[in-house]
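**Q** Okay, here's the structure, questions in a sec.
Bear in mind that the values in this text are calculations on the coordinates, not laboratory data. Source: prediction; values computed, not measured. As a convention, Cβ positions derive from the backbone with ideal geometry for all residues, glycine included, and neighbour counts pool all protein chains shown.
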Amino acid sequence: MRRAIPLTILAVVGTVLIVSVFLPPLENLGEDFTLFFDIIAVFAFFLGGGNLVRIHFNKLWRKRKDWGFSIVTLFGFFFMLVIGLLKIGNPGGIGADPTAEGSWFQETFNYVINPLQSTMYALLAFFVASASYRAFRAKNREATLLLLAAFIILLGRTPFGVMLTAWVPESWSIAQIPNLAVWIMNSPNLAGQRAIIIGIGLGVVSMSLRLILGIERSYLGEDRG
Amino acid sequence: MGKVNLTLLLAAVAIVIIIAIALIFPLERLGQLYSLLLIFGGLVALLLRSIFAKEVDRRIIFLFIFVAVAAPLLFPITFSEKPTAVVKAVFDRVESLPPGSTVLLSFDFDPAMAPEVQPMANAISRHCLKKGHKVIFMSLWATGQALLTQSLTNTILPEFPEKQDGIDYVNIGYKAGNEGVLNVIVSNFEKMFPTDVNSVPLGEIEIFDDIRSCRDLDFIVSFGGGLPGSKEWVLFVGDPGGVDVAAGVAAVVAPQLYPYYPAQLVGILGGVKGAAEYEFSLKETYPDLKDMDTPGLKMMGPQTLAHIVIISFIVIGNIIYFRGRRKEKGQ
Amino acid sequence: MKLSVFLFVLLLSISISAQDEPSDTDPAIIVPDSELVVVAPVTSLIAEDHKYDKGDHIDLSWVPSIDDQLLDGTVIGYKLYRSANGGEPVLVEEFPPGTNAFTDDGVYSDSTYSYFIAALSENYAAESNRTAPIAPEVEWLNLHRGWLFLIALIVGGSVLLFINAAKRGTKLFVRKIAGLEAVDDAVGRATEMGRPILFIPGIRDMDDVQTLAGLTILGRVARVIADYDTRIFMPTSRSLVMTAGRETVKAAYTAAGRPDKYNDDMVTYYTDEQFGYVAAVDGVMVREKPATVFLLGAFFAESLILAETGNSIGAIQIAGTARPAQLPFFIAACDFTLIGEELFAASAYLSGEPMQLGSLKGQDVGKAIAMLAILVGVFSATVGLAWDIEFFNDIVEYLSDVFSAR
Amino acid sequence: MEVLFEHFRLWLAAFLTLGIFSFLYKDNPWYKLSEAIFVGISAGYWFVVLFWDNFYGKFWVGAGDYTFGWIGAKLSGGEVPSSSGIDLMLWVGAILGFLMLLRLIPKIGWLSRWPLAFIVGATAGLWLINYVASNVMVQVQATMVPLFSSTFGSGFDSSLGAIIGTIVIFVGTFSGLVYFFFSKAHTGAFGTTAKIGILFLMITFGASFGYTVMSRMSLLIGRIDYLLGDWLGMIK
């Protein structure tokens, strides 16, 4: 019973949504479900946010390693909730848009979250370098091709790449590194992308059907209890 | 005893050399010299080390990347950006049109794309005015108009104080309607743009005396690459109107445009690199522009050095791998 | 936990009051002035029912004003008016000169509508004739999508067919997938080293199929982990994924006969913020030093940050995503990568159940169709173009009509 | 005062930026502090935004406010609120969301599987046809081009690059699909084709990797520009 009802909900909702694509009167069901999803996600946050608060309170209470940082996290979390939900420091007052420019809430985003975000993102520049050092080694045929493609594209972006093949006559311009780089992007690269994309489409069909039919149900919890 | 003396001696010589260099070169040159020495010296040292199949700590790689990006920002290091064929085609077209030709430049981008696209838009605007072409500025993007005004008032016009609004250039601004706008102006400008941004009727603007539609233009460049963008200019104006169109776009979009080159697009400027190449050609052709602002070339300094560092590390990694394998075999 | 929920509710109830709602303003109608620039009205205005909708669209087409066709700029635009059930006309839309068609999506199937268009000069509005009243019709089937339906039916149908065949006991062969063969070893390694296993389900919510794929694999992996009695830790960036993840892990422990070993702290939520989550997970990696890291789900720019940090602590990494842009980074930094389709196939493969494996066979039928279509399409297009053979050109046209997904 | 505040912001952003960068050397208290700030503040930020956009903007404005107003009016005999723009279906979402919260009560916690099942079913159903159309059909259609001609324009582009290009796209897509086949072991001619397929995939990965490097560097340039320019004022 505890298992049958969720599986029925799943099968019915899934089937109706598949069919709705072909039935104009039901066409907007997809949008409705998206709305429902958004609303459910807000409720779910009580569990997620509650979990965050519980874990850090526990850490603090039991004085576990690094408990001091938990105070910072908790303070930041509740600070944002209070100024965002009660719209404290918002020039427009309680009726205004919470993310209005000049509000404390949005200022905190601009001056705390924003630099953190972009710095975290910028770490990629370093990791791209360390990953290419380690991974692009001609260990076998596959790795060699990976290396060559990356190498040509990278080289095509530096003046050296241009200089290296500048002697190639114009009628063979395809062999000049910058042009070769573009050709790789537009031909073999495109081919690989297409095969991956088509495969993904079919994989989704098969997995969705397994879910809707209830063959795949590990996420629904245990059989008993 | 002797060892200490040798170290001292070497240190003294080094200090003397450093002071000598500092006296000979101005500070900026010195910074450039030191940072390039640091990067390339370091890379050579690692290269030599790699022969013994010694792996490099990732933090060393991080350090190289940091220096490669920071140094050119502190001490502007620029590289020769020999223009690629696609960029050179655009430059040559602007260069080869007789002075007095009419060129339309459309700023079809938003603030997010601006860091990549605005430098090339500025460079080409500058080139056209320098060459004595009449320039019509416009935008298909609502957010593009502000950027267009910014480019004109802050960068381009101050460099050409003698150019007159309405005679040498005109800004007709933005009109809503995306491809619809193009559909109309391919046969009639006035219908879509009754006035310029200063509300002067098009009929009273000298440039439009013999320009009725896009068909009368000599050249069009669209900057952006979003939607609507260069592709739409080709499909709705370039092809039906028989006008030459070129594109200046963000780097990610560029490969998608290559199939249109050279049949439907005169040339393509892709990302900061495209802008840098154009700026380089401009500086080379017009020595009096050598002091102009070149954000593209400036951005390419860190980019190029970082790419060189990454390429070098790929080479070092492979040497280590092959030397390491030989060692294993030897044992 | 309960206290924090109470605090939430208190905050929310205080703040939800006193919110204004925006109001709509009425459109204005232009009144003609003296010194008239008279223009001709548009002609042949036709209103038709839009095909294959639920009765909420009407297609309009017209011939622009004669003065507009002269292209001399006297017509500065058009305004479209609609009256519902014979009521007052309201402005629907304004158009630039040269426009000759429009689809009105602001109508309902239970009313009738009549339209007219005003051609505008700078100070005059020439109204066209009104159309006969029309009611948009509801169509129950979208025949435009017939081919899509058929192809989906064939692909989906063959999945079902093979599942059914497996149910009846037909032996089905599925090739080895390297990344998945490694799961047991990877879990075993963590057990030997006495270090935890980190499972990262991507940064998207439950409304992304990749997250679902990640969770289905989690079900299998958690089962192995429960058998080996190793620790698993799963940080999530969405509350719903946390909830679903807990259900999944709990179910796996129960199935392994060790429900007592399960603990809610195995699956926790950090923050919805993409890079905030990454910062936290990076911290977890360097502090807990997991022996094995699974990265399975929807990943964006953070893919390489996570994979490189995982690599730096020497963890065995098994990654998989269906985002082509992130696959190169996983290939470079992880030990095994499930490429696109393999991510969705993984849980079926790991389960080893005949019915699940059958579904993989079914998707191969889809691939065969795609390959056949490409083969025939490319051949016909080449032959048709090279020798200008009508028959082959027709085939290409037909195929590309079949595969055009509207 | 304003100047002081401006300085504070500048230093705060620099402090956080350096805190994150310090992770590149190793984990340390500075990074831990930046991480704690990031997690706490961003979790709060997103909840507040989700709450106003989704709960208030969608549910409360769309159904909740009206329903409670209606009940209140019926009880007190007052004026019933206008129902224009109201979608009572939204209550389904709210009720499912409420069921989710029942996890907090262990005895009836299993009810929370209903909304989960609902979401999984909706996601599976919603995307199935979508993926067939956009991933399978569109891509197959795009591959059906003549081998020695370009897809663009009316002209017959016979340049060497274009011809090799279209042939490569055809061979690559085809052999790539063969690689993904699950039903057959990679042996014989089939295996050879699959191997060609994996080679294409490798070129794809190498190329996209190399192509992304430039944009990743731009991000770092932006951050270092902030540190050296905006903060330290070392860039003129």
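**Q** Tell me, how many Å apart are the Cα centres for the range A:68-119 and for the range C:317-372?
**A** With the range A:68-119 and the range C:317-372 each reduced to a Cα centre, they are spaced 41 Å.
**Q** Net charge near C:Val383, counting Lys/Arg +1 and Asp/Glu -1 over other residues with Cβ under 15 Å of its Cβ?
**A** Net local charge, C:Val383 excluded: -4.
**Q** To the nearest 0.05, how large is the calculated FRET efficiency for D:Leu4 and D:Phe68 if R₀ is 60 Å and r is the Cβ-Cβ distance?
**A** 0.80
**Q** How long is the range C:133-269 along each principal axis, judged by its Cα atoms, biggest number first, in Å?
**A** Taking the Cα atoms of the range C:133-269, the three principal extents are 75, 44, 26 Å.
**Q** What is the Cα radius of gyration of chain A over 2.2 N^0.38 Å, N being its residue count?
**A** Compactness ratio reported: 1.57.
**Q** Another question, if that's okay. Which percent of Cα pairs goes in each bin when the distances of the protein assembly as shown are cut into 20 angstrom slices starting at zero?
**A** Reading upward from the zero bin: 10, 35, 41, 14, 1, 0.
**Q** Separate question: In degrees, nearest 10, range 0 to 90: what is the angle between the Cα axis of helix C:178-193 and the longest Cα principal axis of chain C?
**A** Roughly 50 degrees between the two axes.
**Q** Just how large is the dipole of chain C about the Cα centre, in debye to the nearest 20, putting +1 at every Lys and Arg Cβ and -1 at every Asp and Glu Cβ?
**A** 3120
**Q** Pairs of Cα atoms under 8 Å, at least six residues apart: use those to get the relative contact order of the range B:85-293, whole percent.
**A** Relative contact order, the range B:85-293: 26 percent.
**Q** Moving on. Pop out the ³J(HN,Hα) list for the range A:169-178 in order, Karplus 6.51 cos²θ - 1.76 cosθ + 1.60 with θ = phi - 60°, rounded to Hz; leave Gly and Pro as x.
**A** Working through the residues one at a time gives x, 4, 5, 10, 4, 4, 7, 6, 4, x Hz.
**Q** Follow-up question, since we're still on this one. Which one, C:Gly340, C:Ala178, C:Phe299, projects farthest toward the positive side of the charge dipole computed for the range C:172-352 from Cβ point charges (K/R +1, D/E -1)?
**A** C:Ala178
**Q** With a Förster radius of 51 Å, plug the Cβ-Cβ distance of C:Arg130 and A:Leu26 into 1/(1 + (r/R0)^6) and report the FRET value to the nearest 0.05.
**A** 0.95
**Q** Mean Kyte-Doolittle of at least 0.5 plus a Cα span of 27 Å or more along the axis: flag which DSSP H helices in chain D meet both, please.
**A** D:2-21, D:29-50, D:160-180, D:188-225
**Q** Let me ask something else. Considering Cα pairs under 8 angstrom that are at least six residues apart, work out the relative contact order of the range A:1-85 and quote it in whole percent.
**A** That works out to 13 percent.
**Q** Then there's this: Roughly what angle does helix B:85-96 make with the longest principal axis of chain B, taking Cα atoms, 0 to 90 degrees, to the nearest 10?
**A** On a 0 to 90 degree scale, this one is about 50.
**Q** Kindly rank D:44-53, C:132-141 from highest to lowest mean number of other beta carbons found within 10 Å of each residue.
**A** The most tightly packed comes first, giving D:44-53, C:132-141.
**Q** OK, next. At a temperature of 25 °C and a viscosity of 0.890 mPa s, determine how fast the range A:1-85 diffuses translationally according to Stokes-Einstein, using the Kirkwood radius over alpha-carbon pairs as Rh; express D in µm²/s, rounded to the nearest whole number.
**A** 148
**Q** Given charges of +1 on the Cβ of Lys and Arg and -1 on the Cβ of Asp and Glu, with all other atoms neutral, how large is the dipole of the protein assembly as shown about its Cα centre, in debye to the nearest 20?
**A** That gives a dipole near 7840 debye.
**Q** Provide, as a two-decimal number, the C-alpha radius of gyration of chain B over 2.2 N^0.38 Å, N being how many residues it has.
**A** My calculation over the Cα atoms of chain B gives 1.28.
**Q** Once the convex hull of the C-alpha atoms of chain C is built, how many Å³ does it hold per residue, rounded to a whole number?
**A** Cα convex hull per residue, to the nearest whole number: 270 Å³.
**Q** Something else: Sort D:Trp91, A:Trp172 so that the residue with the fewest other Cβ atoms within 10 Å of its own Cβ comes first and the one with the most comes last.
**A** Fewest to most other Cβ atoms nearby, the residues stand as A:Trp172, D:Trp91.
**Q** What do you get for the angle between helix C:341-351 and the principal long axis of chain C? Use alpha-carbon atoms, 0 to 90 degrees, nearest ten.
**A** Result, in degrees: 40.
**Q** Related question: What's the average, rounded to a whole number, of partner chain beta-carbon atoms within 10 Å of each residue's beta-carbon in A:90-99?
**A** 3
**Q** How many angstrom separate the Cα center of the range C:222-263 from the Cα center of the range D:71-121?
**A** 29
**Q** Quantify how strongly other chains surround peptide B:246-258 by giving the mean number of their Cβ atoms within 10 Å of each of its Cβ atoms.
**A** Other-chain Cβ atoms within 10 Å of each residue's Cβ, averaged: 3.
**Q** Long-range amide H contacts for D:Leu147: which residues qualify at under 5 Å (H placed 1.01 Å from N, peptide plane, sequence gap of 5 or more or a different chain)?
**A** C:Thr382
**Q** Can you give me the distance in nm between label points at B:Ile167 and B:Ile15, each placed 7 Å from the Cα along the Cα-to-Cβ direction?
**A** In this crude label model, B:Ile167 to B:Ile15 measures out at 6.6 nm.
**Q** Here's a follow-up. Return the average number of partner chain Cβ atoms within 10 angstrom of each residue Cβ along peptide A:158-164.
**A** 6
**Q** While we're here: Quick check on packing: order D:134-141, C:324-331, B:60-67, D:199-206 by the mean number of other C-beta atoms within 10 Å, highest mean leading.
**A** Descending mean neighbour count gives D:199-206, C:324-331, D:134-141, B:60-67.
**Q** Shifting gears a bit: Taking the Cα centre of each part, how many Å lie between the range C:74-123 and the range B:292-331?
**A** Centre-to-centre (Cα) distance: 63 Å.
**Q** Which percent of Cα pairs goes in each bin when the distances of the range C:172-352 are cut into 10 angstrom slices starting at zero?
**A** The distribution over the range C:172-352 is 11, 43, 39, 7, 0, given as percents.
**Q** Still on this model: From Cα coordinates alone, what are the radius of gyration and Dmax values for the range C:233-322 in angstrom?
**A** Over the range C:233-322's Cα set, Rg and Dmax evaluate to 13.5, 39 Å.
**Q** If the limit is 19 Å between Cα atoms, which of B:Lys82/B:Lys273; B:Lys82/B:Lys231; A:Lys63/C:Lys261; A:Lys65/D:Lys32; B:Lys163/B:Lys273; A:Lys63/D:Lys32 go over it?
**A** Going by Cα-Cα distance, B:Lys82/B:Lys231; A:Lys63/C:Lys261; B:Lys163/B:Lys273 fall outside the 19 Å limit.
**Q** Among D:Ile169, D:Gly222, D:Ala185, pick out the residue whose Cα is farthest towards the positive end of the charge dipole of the range D:145-236, where Lys and Arg carry +1 and Asp and Glu carry -1 on C-beta, about the Cα centre.
**A** The Cα lying farthest towards the positive end belongs to D:Ala185.
**Q** Have a look at C:Ala226, C:Leu160, C:Ser239 and report the one farthest towards the positive end of the charge dipole of the protein assembly as shown, computed about the Cα centre with Cβ charges (Lys/Arg +1, Asp/Glu -1).
**A** Value computed over the given set: C:Ala226.
**Q** If you don't mind, there's one more thing I want to ask. For a label point 7 Å from the Cα of D:Ser22 along Cα→C-beta, name the residues of the range A:55-88 whose backbone N is under 12 Å from it.
**A** Counting backbone N atoms under 12 Å from the label point, the list is empty.
**Q** Can I ask one more? Can you pull out the trypsin sites (Lys or Arg not before Pro) in the range D:11-77 whose DSSP state is coil and whose Cβ has at most 10 other Cβ atoms within 10 Å?
**A** Filter output for the range D:11-77: D:Lys26.
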